[in-house]
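Asks: I am attaching a structure below and will ask some questions about it afterwards.
The values are calculated or read from the model by the stated rules, or taken from the named source; none is laboratory data. Because the structure is a prediction, the values reported are computed rather than measured. Note that we place each Cβ from the backbone using ideal geometry, even for glycine, and neighbour counts take in every protein chain shown.
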Amino acid sequence: MKPKIYGNGLYKIFGGDATTAIDLLKAGQSKDEIYAATGQTVGVRDVSFKVAEGEIFVVMGLSGSGKSTLVRMINGLIKPSAGEILIDDVNVADCSDEQLRNVRRNKVAMVFQHFALFPHKTVAENAAFGLKIRGMKASERRERAQAALEQVGLGARGDSYPDELSGGMQQRVGLARGLASEPEILLMDEPFGALDPLIRNDMQQELLELQRTLKKTIVFITHDLNEALALGTTIAIMRDGVIAQTGTAEEIVGSPADDYVAAFTRDIDRSQVFAAASIARPATPLDLATDNAEVAMTRMEELGIDAVHVVDDGKLAGIVSYRAASAAHRDGLDLKDALTDDFPTASPESLLNDLYPLAGTEYPIALTDEKGQLTGIVHPQDVFQQLANEEEEEEEKEKA
Amino acid sequence: MISPSDFLSLPFDDWVNIFVRDWLVPNFRPVFRAMQWPVTQVLNGLSTFFNATPMLIFTAVLSLIAWRTSGRGVAIFSLIALIFIDLIGLWPETMTTLAMVITAVFFCVVIGIPFGVMAARSDIFRTILRPILDVMQTIPSFVYLVPIVMLFGVGVVPGIIATIIFALPPIIRLTDLGIRNVREDLIEAATAFGATPWQMLVEVQFPLAMRTVMAGLNQTLMLALSMVVIAAMIGAGGLGLTVFTGLGRLDVGNATAGGVGIVLLAIILDRISQSLGEARAMRGPSLLATIRSLFSLRANKPPAEVERAG
């Protein structure tokens with residue numbers, strides 16, 4: 001699929017003509033060497049990325065890593081020194097002011113770290129700002145601003161002024177201002193960075209909730225890895241102006257590209273990152289229609305397991321233990337009579353954290369999709385092994 | 001002792017004389033004459049209006065404005081001050097001075113705000129403008145009275161033009177300052193939503209600079225008032241003339257009366273224009289609400305401030 005946003009070979013050098021600095025960078029010089037040689041600061045160097053439509057692309061990095069510069073290149077607030085940024089085939093790095101304004105008015109909205117609400121406008125006027133700039137009629141924009149405020153739960157505060165609202169509410173207004181113009185792309189520059197941890201958590205959940213219905217393409221900047229892991233469909237980790245690694249939360253935590261990323265992910269609660277599917281084994285279910293208790297026993301003996309799932313017409317019907325199967329075989333009963341439905345199930349997307357309570361039972365956990373089909377099984381010991389994985393790795397490192 | 005003047009003396013005064021008398025005046029007099037036209041129109045309109053308005057009605061309206069903008073104290077003060085001015089027999093002079101001052105301030109705003117905006121937008125323009133403003137503010141006004149008379153003639157309008165030159169710098173400077181001080185993140189936000197430079201100015205920069213601009217307006221107004229006596233020297237009338245003729249005839253009483261009139265007018269205008277610039281007035285009730293509350297028995301107090309959200 002074609003990416004919604006495509007950044008290719010982006011550089012940003014602050015302070016004057018960039019050509020020498022870029023040549024030096026390509027020759028392999030470091031940020032500090034370039035500062036010493038030219039007095040220029042390297043913001044971003046040779047960054048390429050793709051953002052697919054409808055995903056949350058999180059750029060994570062510490063301050064000075066170039067993440068804010070990167071996001072500002074997407075809507076042209078900062079012009080790259082080299083490289084291109086394509087938004088649906090428009091290269092915002094090199095287009096007329098008029099084209100750039102059109103992109104900003106109709107396609108890309110932005111939410112800021114310190115809210116950047118206009119203090120002289122009411123909440124409703126703030127939310128309607130983008131629409132007013134676009135030249136929409138007053139009545140229509142009032143309606144749409146009100147709808148946007150309701151989306152973020154501030155429908156009743158339209159007549160307040162921003163300074164009468166708490167930080168969390170102000171950022172909701174910021175979000176409503178972004179949503180009101182119904183952009184395809186939402187840029188969020190550390191939007192929750194200035195909020196209390198508790199409110200930040202709420203806002204993250206609300207953003208995910210909104211995203212479920214809105215399906216915007218979101219580029220989200222953060223310095224908080226937990227936030228990145230909680231929100232990101234794809235996560236890019238930036239350091240010193242380059243992207244150190246791009247991948248899903250599981251890829252970042254599971255196989256960090258270098259020591260820098262590994263150091264970041266060390267303290268992460270892995271159970272919040274890994275989904276059940278990541279440790280699932282392929283299911284080898286029996287079919288109620290064709291298999292009997294004897295087949296069940298043979299299967300378990302072959303695989304060396306104590307219980308096996310049984311499907312009926314594609315759907316998960318239950319589980320049969322070796323003991324139940326052999327009893328059924330002895331008594332000449334159907335496989336159906338040996339089934340028990342008292343076994344744990346979970347969805348493939350559920351996090352390991354949610355598997356803890358299920359992992360205590362004797363049976364393996366069945367992963368079923370929304371249609372009730374068995375997609376895999378998770379053995380309780382695998383859950384704990386995955387969580388312990390990291391500590392082992394560390395110990396190995398220490399030994400080495 | 002040896003000094004450079006032993007070897008060389010520069011006829012600077014002659015140069016200026018030649019520049020003004022032999023070049024500027026003959027060549028540009030019609031241009032300057034034409035520039036008087038708008039000032040004359042505004043002044044005549046205002047002057048006719050103020051002088052035609054009955055004293056009692058004018059006093060009532062001004063006190064009302066003072067009450068709405070700056071509260072009861074200023075309103076009572078205005079009422080008493082205006083009655084006092086009438087009692088000492090200086091009402092027509094005061095109206096003339098008021099018309100002159102407002103004309104001068106009007107043109108200062110019309111010229112000054114665009115210049116201030118341009119200065120805020122362009123560093124080059126600002127660099128050029130700054131020394132000119134410095135000269136305008138520091139040069140003694142007596143120095144340019146003579147060339148003004150040469151170019152514009154004698155009378156009220158040349159007096160007003162001298163006043164404009166003197167009172168213009170603060171509003172330019174403070175418009176520039178106000179716009180430059182608008183928070184960078186708000187500019188960025190407006191840009192990110194696709195605002196054109198004009199939308200940026202009208203929607204974000206100017207409204208947020210308003211407080212500072214109003215402070216500039218207040219200073220401009222005060223400077224204009226302080227020029228009325230000097231303007232009287234080249235033929236402007238009003239309270240300035242009362243003071244000036246009083247001085248000439250050593251008539252201490254008349255000069256003092258004129259002076260007191262100027263001071264009272266200054267206090268009223270200062271208080272009103274100052275409170276226009278305060279944030280509360282900016283966000284205050286709309287004109288309609290103001291008029292409505294004027295007719296309600298008691299001034300509707302705004303409801304206690306909305307409880308701050310935790």
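Asks: Quick check on B:Arg211: is it basic (Lys, Arg), more than 14 Å from chain A (Cβ to nearest Cβ), in contact (Cβ under 8 Å) with a residue 12 or more places away in the chain and under 25 Å from B:Gln137 (Cα atoms)?
Replies: no
Asks: What's the number of the condition A:Lys132 fails, among (1) within 26 Å of B:Trp198 (Cα to Cα); (2) in contact (Cβ under 8 Å) with a residue 24 or more places away in the chain?
Replies: (2)
Asks: Within the range A:98-126, how many residues are without any contact (Cβ under 8 Å) to a residue 60 or more places away in the chain and either of a type in the set (Val, Ile, Thr) or assigned to a helix (DSSP H, G or I) (or both)?
Replies: Final tally of qualifying residues: 12.
Asks: Moving on. Just to be sure before I move on: is B:Gly248 touching a Leu at 6+ places or on another chain (Cβ under 7 Å), more than 14 Å from chain A (Cβ to nearest Cβ) and not basic (Lys, Arg) in the structure I sent?
Replies: Values: touching a Leu at 6+ places or on another chain (Cβ under 7 Å): no; more than 14 Å from chain A (Cβ to nearest Cβ): yes; not basic (Lys, Arg): yes.
Judged against the criteria, B:Gly248 is not a match.
Asks: Now for a separate question. Which one is modelled with the lowest pLDDT among residues in the range A:176-199 that are farther than 26 Å from A:Gly64 by Cβ and away from chain B (no Cβ under 11 Å)?
Replies: A:Leu198
Asks: Can you tell me which residue among A:Ala236, A:Ala147, A:Ala156 is surrounded by 23 or more Cβ atoms within 10 Å (Cβ to Cβ) and either touching a Ser or Thr at 6+ places or on another chain (Cβ under 6 Å) or more than 14 Å from A:Ala109 (Cα to Cα) (or both)? Steps first, answer last, please.
Replies: Values: A:Ala147 fails: surrounded by 23 or more Cβ atoms within 10 Å (Cβ to Cβ); A:Ala156 fails: surrounded by 23 or more Cβ atoms within 10 Å (Cβ to Cβ).
The conditions single out A:Ala236.
Asks: Filter the range B:162-205 down to the residues that are in contact (Cβ under 8 Å) with a residue 12 or more places away in the chain and aromatic (Phe, Trp, Tyr) and list them by number.
Replies: Residue satisfying the conditions is B:Phe166 alone.
Asks: Tell me the residue from A:Asp334, A:Asp369, A:Asp382 that is touching a residue at least 24 places away in the same chain (Cβ under 8 Å), among the charged types (D, E, K, R) and touching a strand residue (DSSP E or B) at 6+ places or on another chain (Cβ under 8 Å), please.
Replies: A:Asp382 is the lone residue from the list that is touching a residue at least 24 places away in the same chain (Cβ under 8 Å), among the charged types (D, E, K, R) and touching a strand residue (DSSP E or B) at 6+ places or on another chain (Cβ under 8 Å).
Asks: Give, as residue ranges, the helices (runs of 4 or more DSSP H) completely inside the range A:277-380 that count at least 1 residues that are among the hydroxyl-bearing types (Ser, Thr, Tyr).
Replies: In the range A:277-380, A:293-303, A:322-331 are the helices (runs of 4 or more DSSP H) which contain 1 or more residues that are among the hydroxyl-bearing types (Ser, Thr, Tyr).
Asks: Of the residues that sit in the range A:153-168 and are assigned to a helix (DSSP H, G or I) and out of contact with any Lys or Arg (no Cβ under 7 Å at 6 or more places or on another chain), which one is farthest from the other protein chains (Cβ to nearest Cβ)?
Replies: A:Gly155
Asks: Suppose we filter A:Gly28, A:Gly16, A:Gly61, A:Gly76 for residues that are more than 14 Å from chain B (Cβ to nearest Cβ) and surrounded by 22 or more Cβ atoms within 10 Å (Cβ to Cβ); which single one remains?
Replies: A:Gly61
Asks: Kindly establish whether A:Arg134 is basic (Lys, Arg), over 28 Å from the mean Cα position of the chain (by Cα) and under 30 Å from A:Phe49 (Cβ atoms).
Replies: Details: basic (Lys, Arg): yes; over 28 Å from the mean Cα position of the chain (by Cα): yes; under 30 Å from A:Phe49 (Cβ atoms): yes.
So A:Arg134 passes the test.
Asks: Here is a check on your reading of the model: is A:Gly130 crowded, with 19+ Cβ neighbours inside 10 Å and on the phi > 0 side of the Ramachandran plot? Even if it seems obvious, please write down each step before you answer.
Replies: Values: crowded, with 19+ Cβ neighbours inside 10 Å: yes; on the phi > 0 side of the Ramachandran plot: no.
The answer is no for A:Gly130.
Asks: Every residue in the range B:170-205 that is more than 23 Å from B:Thr103 (Cα to Cα), more than 10 Å from chain A (Cβ to nearest Cβ) and assigned to a helix (DSSP H, G or I), please.
Replies: B:Leu177, B:Gly178, B:Ile179, B:Arg180, B:Trp198, B:Leu201, B:Val202, B:Gln205, listed by residue number.
Asks: Could you tell me whether the range A:93-107 includes any residue that is modelled with pLDDT under 90, within 29 Å of the chain's Cα centre (by Cα), more than 10 Å from every other protein chain (Cβ to nearest Cβ) and within 30 Å of A:Thr69 (Cβ to Cβ)?
Replies: yes
Asks: Here's a follow-up. Looking at (1) β-branched (Val, Ile, Thr); (2) modelled with pLDDT of 85 or more; (3) surrounded by fewer than 16 Cβ atoms within 10 Å (Cβ to Cβ), which one does A:Val51 not meet, given that it meets all the others?
Replies: (3)
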